[in-house]
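Chemist: One structure follows; several queries about it will come next.
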Amino acid sequence: MGDSQLTRVKLTSVLLVLQALFIVLFGIFVDYGDDANAVMSTGNETTPNSVKSYYPMFQDVHVMIFVGFGFLMTFLKRYGFGSMGFNFLLSALVVQWQILMAGFLHMEHGKIKIDVTSMIAADFGAGAVLISFGAVLGKTSPLQLVIMAFFEIIFYCVNEMIGLTYFKAVDIGGSMFIHAFGAYFGLAVARVLWREDIEESDKEGSVYHSDLFSMIGTIFLWMYWPSFNGALAPGDDQHRAVINTYLSLAACCVVTFAISSALDAKGRINMVHVQNATLAGGVAIGTSADLMIRPWGAMLVGTSAALISTLGFTYLTPLLSTKAKVHDTCGVNNLHGMPGILAAIAGAILAAIASTDIYGLSLYQVFPARSPVENSTMLQELQARFSEIEAGLGRTAGEQAGYQMATLGVTLGIALLGGTITGFLLLIPCLDRPEGDQLFDDEKFWEVPEEGFQK
Amino acid sequence: MGDSQLTRVKLTSVLLVLQALFIVLFGIFVDYGDDANAVMSTGNETTPNSVKSYYPMFQDVHVMIFVGFGFLMTFLKRYGFGSMGFNFLLSALVVQWQILMAGFLHMEHGKIKIDVTSMIAADFGAGAVLISFGAVLGKTSPLQLVIMAFFEIIFYCVNEMIGLTYFKAVDIGGSMFIHAFGAYFGLAVARVLWREDIEESDKEGSVYHSDLFSMIGTIFLWMYWPSFNGALAPGDDQHRAVINTYLSLAACCVVTFAISSALDAKGRINMVHVQNATLAGGVAIGTSADLMIRPWGAMLVGTSAALISTLGFTYLTPLLSTKAKVHDTCGVNNLHGMPGILAAIAGAILAAIASTDIYGLSLYQVFPARSPVENSTMLQELQARFSEIEAGLGRTAGEQAGYQMATLGVTLGIALLGGTITGFLLLIPCLDRPEGDQLFDDEKFWEVPEEGFQK
Amino acid sequence: MGDSQLTRVKLTSVLLVLQALFIVLFGIFVDYGDDANAVMSTGNETTPNSVKSYYPMFQDVHVMIFVGFGFLMTFLKRYGFGSMGFNFLLSALVVQWQILMAGFLHMEHGKIKIDVTSMIAADFGAGAVLISFGAVLGKTSPLQLVIMAFFEIIFYCVNEMIGLTYFKAVDIGGSMFIHAFGAYFGLAVARVLWREDIEESDKEGSVYHSDLFSMIGTIFLWMYWPSFNGALAPGDDQHRAVINTYLSLAACCVVTFAISSALDAKGRINMVHVQNATLAGGVAIGTSADLMIRPWGAMLVGTSAALISTLGFTYLTPLLSTKAKVHDTCGVNNLHGMPGILAAIAGAILAAIASTDIYGLSLYQVFPARSPVENSTMLQELQARFSEIEAGLGRTAGEQAGYQMATLGVTLGIALLGGTITGFLLLIPCLDRPEGDQLFDDEKFWEVPEEGFQK
């Protein structure tokens, strides 16, 4: 049996075994949520089903994951099939696995009940994996990617549970849980997988129309980001998330063009910046998107994100690669990593200054841990005036801010540790890792038409 | 008058005559539905208008028809204009004609009232025609396509009326009415239009970037398919349709990659599979999307669809072409035909095992024909407990399953018969049928820029 | 300091100064609307937030602005980066500036409150600027474009205020305020910027795949146009806007193909027509989209728009360029200008024949100026029967029609005057205006990959 014979046996087997496993586990554990279960139907159509309320934003997120991330990565001249194709494969795999993993961590009575919000959460999980994919783009086999995705989701779900359930951090747009996590997990993997020939490849560039394909991804990500940050927020929180993200992104786009032009000797604009740094404002506003950051505050965050991201692409990425041996194909550190940290800091600041003066009683809905403890007189008084308040931990503003920062710390720690472990797993010899001329090239893993394939 | 002079006279005349006819018929028969008619407005904005509830999913379906099908077919290296352009023309033509034909078959008091659900149904009709277009892609003139679309919609509406109104079959995603119908209608046309030189053309291939354009279509179809299957379902049925379709497609994508790699000697993945077979799960779950197939059941259907579809592309399509003289340009048999039959069978099985244990009283809403007959005591008792039950035919589960299979049979029969008749109509000599070097080539029907046009 | 050193200093400075100005002005004047303000939250989640009701259509409009206009303009073989990139930059800049300008004109108590409808209005403003951009595409520097956008929004907001607030014209799809305004503003600028070498450039053409990229824009514009025309309409008006736009566009597409084929000696179809004239039906139905124009009326408007637009591209655009020295790169006169005028006329006719026979009491909601004056007995009687009627000006149908036409006149006047003034501002020498070989070419303003860049 030749090498490539083995390749197909391995990839096919791993995928089929995983898919069979998923079906069995779904059969044992997963059922429809009450809102989607015919036997729970009351025949009363005046109570609207939750699918109506979440579905439009779910679809926007769905487009970001499959079109947005997929096309964003097609900028490489000889890796368009891999970018779109593996993006597709990994996402389809991860959404199933995330539903199971998240379900196991939050199971009630041994059953995982799924509804439209599970699909949003599953897509978010795919987002984290795709960000990591961006860091190793062109340098891994599909087999390695599948294994990476499998382990990453375990770390991802555990980290999110610590942050949300134990630390009760707020992070409506997942800037810590998804973006910072996915970026630093991926960078850790990239560090472990680093090899000399990656730096030497002459295929890591774009052609004119591959940059246009990439813009499809950029623009869909940019447009639908308000949905990403607002999908799971209720009422006026969602409204705010949408406005803040819209404004942060608008400012971020303008400043990206400004800085990009300034960084070129001839004042020309760089497509890499336009494709990526324009989106940093969406990440950077994520944690505070539903908070009272005010319109100007959102724009300031977007402006800062553009600065960090554009400068990162120009100065930090080359340095990371040559000095730290971290080769970051898509520059996820600039688009998701550093802006994710910025988001966490902005969120902590907003948490530190949050008060009922600013939020009214909805303070205790936005920061549930700040709500008074169970059975306290204060809780009863508040509930009489504002029905949606639930018992909390009686945290102060400063404490909440501390937990926000602690969540960032834990996220970075788990991401780097998980990524490093996973990276070493991917070094197992039989995983068809591309090398030399196979790097950044579709030829090894795809049946490629000869025509139109840039030499 | 030369040949091409005639071409323009013919195409222009046919289109203008049809459009004029549509306007006249709309003028006589069509008016706004009550929900869209100013004179029916009550000035009470608290009752939500139906446009709010249907419009987001309508737009998703709309994107599938115009972007999804359109770009999916741009994979041919010299037929991108025809794929996008004729997809656009046919759809715009068909939506008007479908509204009229469906209206004529369901007219009340001589008026056809249209609203947002008419637009969804019209887009569904366009879907059937576009599937047939896929079977004959590159082998027909626009004139032939317009004539094909005109007749296909007549057969399509009649078939749907038989299945829905007489047989009372359920098929929420239209896997029988749209997908199986469109595929076998198109294949029958392709059989009649078969000629030796189709097999000999060297233009029936892709170039690297035409495969990426095609992926735009694939991904939009894949993402929005839950809307296609759920658009017309109410409440929890819609929620289920969305979940089942999402899961079926996710499993289908993973298994497509697994099988595609296994089918290549070097273990490489085939873009044709990724572009098409990944979508078979959306078709195959269509009939049972709103039924209680359970999450694992949906994933099993998606897995089966991927198997059938991928193997179909590799083994059946070449065979059909050489042995049966059915040349299927886009492989619609693998993406819509066989998965449509699978959907029908899955639907019949689900119907056969449906009971109030599984569905509660909503059983009679999901399968209206199983509801007790008018004026029966049982009906009154049920209605007292579940307001939305209407009188039915008192069918048993087995009977319903039988009618589901009968609907498949009738659909296949009408599709093949209608397609054959239409195919012979298209053989009329003066319809500018492309031949030889004109096959799979935009040059005859489009003003093509010389640059960038692959030789 | 060399020329290009200056370039980057200028573009960067202007963008950063503008962005800083926006942040300061937002800080002083702008706050969340009540529906998005946490301190106004009542904790009662049963009253739905307005974001739910407007957001899906907002996103459709958003896609039209950023994907639709952006990709539509990528047809030029060497100007894809500029088309997508400057479309992106201008839109991101304009949405912030439009919120401020419109806010200043409608301020209450010194505060501008923003919500999801502000975002729709901001995107509409971007639409007007992008239409003007289409007229000057490839012939201006980013610096010139930014300055043009800045001034255009001032004229745009003033014109809209005159039409809506003073003339109380109806124009739900903005065919006058956005399309006609944007087109004639842009054409006036193009007239002032005309130079001999524009006519002589051999780069003003497409390549095969740039025409396909352009179709991404066309199709997204075409599909989502019903949302553009219906986004801000309430209840049944919105439902009607959606149906009318859908039908107008369908007819427009069919007729465009018919005429396009007739205009070519060989009966071939022209991509320029398919990319642009198919959309004219969306513009032409804009003013009367929510009026009782009836389905056949909408289709007639779409048919007329296709005729005007297709003939305009073939006969008028070349003439304008050679005789009137108005070089219109994207043919915005054919897609937005003349169809916008057609829309205004259709709207005036519909206004002239509007009566309570056709609209019931919602007549006074659709045409608020026709409502009886404050404190009149008639108003009280009407309000008793139809709660949403507010006091108006007691206009007759004829008067309303007159004001509709007056609004068109004022719009054309302000657009042409504003465009001319702005055009002369853009002639200031230091604005890096492209000339000769730099026209229709990305090379001057973008870092362009050498590979795949059409010579």
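Readers should treat all values here as calculations from the given coordinates under stated rules, not as data from a laboratory. The model shown is predicted, which means the values in this text are computed figures rather than measured ones. Don't worry about glycine lacking a Cβ; one is built from the backbone with ideal geometry, like all the others, and counts go over all protein chains shown.
Chemist: Suppose R0 equals 45 Å. What FRET efficiency, 1/(1 + (r/R0)^6) with r the Cβ-Cβ distance, do B:Ala265 and A:Ala406 give to the nearest 0.05?
Modeler: Using R0 = 45 Å, I get an efficiency of 0.25.
Chemist: Whole angstrom only: what separates the Cα centroid of the stretch B:114-129 from the Cα centroid of the stretch A:285-313?
Modeler: 43
Chemist: Just the Cα atoms of chain A, one point each, no solvent: what log10 I(q)/I(0) does Debye give at q = 0.06, 0.09, 0.13 Å⁻¹?
Modeler: Summing over Cα pairs of chain A leads to -0.26, -0.58, -1.19.
Chemist: Can you compute the charge dipole magnitude of chain C about its Cα centre, using +1 on each Lys and Arg Cβ and -1 on each Asp and Glu Cβ, nothing else charged? Give it in debye, rounded to the nearest 20.
Modeler: In total the dipole reaches around 640 debye.
Chemist: A further question follows. So which lysines can B:Lys266 reach, going by Cα to Cα under 23 Å and dropping same-chain residues fewer than 8 places off?
Modeler: Those lysines meeting the cut-off are A:Lys10, A:Lys77, A:Lys139, A:Lys203, A:Lys444, A:Lys455.
Chemist: From the label point of C:Thr420, set 7 Å along Cα to the beta carbon, how far off in nm is each other copy's matching point, shortest first?
Modeler: Ordered by increasing distance: 7.1, 7.1 nm.
Chemist: Rounded, prolate or oblate for the protein assembly as shown? Axes are the square roots of the Cα gyration tensor eigenvalues, ordered a ≥ b ≥ c, and the cut-off for rounded is a/c under 1.5.
Modeler: Rounded, because the longest to shortest axis ratio a/c is under 1.5.
Chemist: Here is a further query. Sorted by average packing, counted as other Cβ atoms within 10 angstrom per residue and highest first, what order do B:427-436, B:25-34, B:387-396 take?
Modeler: Highest-to-lowest ranking by the protection proxy: B:25-34, B:387-396, B:427-436.
Chemist: Same structure, new question: If you take the square roots of the eigenvalues of the alpha-carbon gyration tensor of the stretch B:51-122 and sort them as a ≥ b ≥ c, do you get rounded (a/c under 1.5), prolate (a/b over b/c) or oblate?
Modeler: oblate
Chemist: For C:Lys113, list the lysines whose Cα falls under 26 Å from its own Cα; do not include residues on the same chain fewer than 8 positions away.
Modeler: Those lysines meeting the cut-off are B:Lys52, C:Lys52, C:Lys168.
Chemist: Would you work out which of A:Met40, A:Gly235, B:Ala401 lies farthest towards the positive end of the dipole of the protein assembly as shown, given +1 charges on the beta-carbon of Lys and Arg and -1 on that of Asp and Glu, about the Cα centre?
Modeler: It is B:Ala401, whose Cα lies furthest towards the positive end.
Chemist: Would you mind checking which residues have amide H under 5 Å from A:Ala289's amide H? H placed 1.01 Å from N; only 5 or more apart, or other chain.
Modeler: Amide H neighbours of A:Ala289: A:Ile172, A:Gly173.
Chemist: Another question, then. Pulled fully out, how much extra length does the chain show between A:Ala391 and A:Ala352, if you take 0.36 nm times their separation in residues and subtract their Cα-Cα distance?
Modeler: Full extension from A:Ala391 to A:Ala352 adds 12.0 nm.
Chemist: Which of C:Ser201, B:Ser83, A:Ser248 has the fewest other C-beta atoms within 10 Å, and how do the rest follow up to the most?
Modeler: C:Ser201, B:Ser83, A:Ser248
Chemist: Where in chain C are the DSSP H helices whose alpha-carbon span along the long axis reaches 15 Å or more and whose Kyte-Doolittle mean is at least 0.0?
Modeler: Those that clear 15 Å and a mean of 0.0 are C:3-29, C:80-105, C:116-136, C:142-161, C:181-193, C:208-230, C:235-263, C:295-311, C:338-352, C:397-425.
Chemist: Further, regarding this structure: Would you grab the residues whose amide H sits under 5 Å from the one on C:Ile112? Only those 5+ places off in sequence or on another chain, please, with H modelled 1.01 Å from N.
Modeler: Hits under the 5 Å cutoff: C:Val30, C:Asp31.
Chemist: Show me, for the stretch B:171-180, the HN-Hα J-couplings you get by feeding each phi into the Karplus relation (A = 6.51, B = -1.76, C = 1.60, θ = phi - 60°), rounded to Hz, glycine and proline as x.
Modeler: 6, 4, x, x, 5, 7, 5, 9, 6, 4
Chemist: Fewest to most neighbouring Cβ within 10 Å: what's the order for C:Trp296, C:Trp225?
Modeler: C:Trp296, C:Trp225
Chemist: Can you give me the P(r) profile for the stretch A:291-386? Cα pairs, bins 5 angstrom wide beginning at 0, each as a whole percent.
Modeler: Histogramming the stretch A:291-386 at 5 Å steps yields 2, 11, 17, 15, 12, 10, 9, 8, 7, 4, 4, 2, 0 percent.
Chemist: What order do you get for B:Thr310, C:Thr287 when you list them from fewest to most C-beta neighbours inside 10 Å?
Modeler: Taking fewest neighbouring Cβ atoms as first place, the list is B:Thr310, C:Thr287.
Chemist: From the square roots a ≥ b ≥ c of the eigenvalues of the alpha-carbon gyration tensor of the stretch A:148-231, which class results: rounded (a/c under 1.5), prolate (a/b over b/c), or oblate?
Modeler: oblate
Chemist: Over the whole of A:14-20, what's the average partner chain Cβ count within 10 Å per residue? Rounded to a whole number, please.
Modeler: 5
Chemist: Could you tell me the distance between the Cα centroids of the stretch C:360-433 and the stretch B:48-86, to the nearest Å?
Modeler: 35
Chemist: Still on this structure, I have one more. In terms of modelled amide H atoms, which long-range or inter-chain residues lie less than 5 Å from the amide H of C:Ile269?
Modeler: HN-HN under 5 Å from C:Ile269: B:Trp446, B:Glu447.
Chemist: Can you tell which of C:Gln380, C:Gly418, C:Leu350 lies farthest toward the positive end of the dipole of the stretch C:344-455, using +1 and -1 charges on the Cβ of basic and acidic side chains (Lys, Arg; Asp, Glu)?
Modeler: About the Cα centre, the residue reaching furthest to the positive side is C:Gln380.
Chemist: While we're looking at this one, here's another question. Report the gain in length on full extension from A:Ala20 to A:Glu381: 0.36 nm times residue separation, minus Cα-Cα distance, nm rounded to one decimal.
Modeler: So the chain would gain 124.7 nm between A:Ala20 and A:Glu381.
Chemist: A further question follows. Counting only helical runs of four or more DSSP H residues, what would the 222 nm mean residue ellipticity of chain A come to if each run contributes -39,500 (n - 2.57) and the total is spread over all its residues?
Modeler: The helix-only estimate for chain A comes to -20000 deg cm²/dmol at 222 nm.
Chemist: Excluding residues on the same chain fewer than 8 positions from B:Lys325, give the aspartates and glutamates whose Cα lies under 17 Å from its Cα.
Modeler: Cross-link targets: B:Glu196, B:Asp197, B:Glu199, B:Glu200, B:Glu204, B:Glu435.
Chemist: Distance in nm between label sites at B:Glu199 and C:Glu451, each 7 Å beyond Cα in the beta-carbon direction?
Modeler: Taking the two extended label points, one gets 3.9 nm.
Chemist: What average count of beta carbons from other chains do you get within 10 Å of the Cβ of residues in A:66-72?
Modeler: Mean number of neighbouring Cβ atoms from other chains: 3.
Chemist: With just the Cα atoms of the stretch B:153-297, tell me how far they stretch along each of the three principal axes, in Å, largest first.
Modeler: That gives 48, 36, 24 Å along the principal axes, largest extent first.
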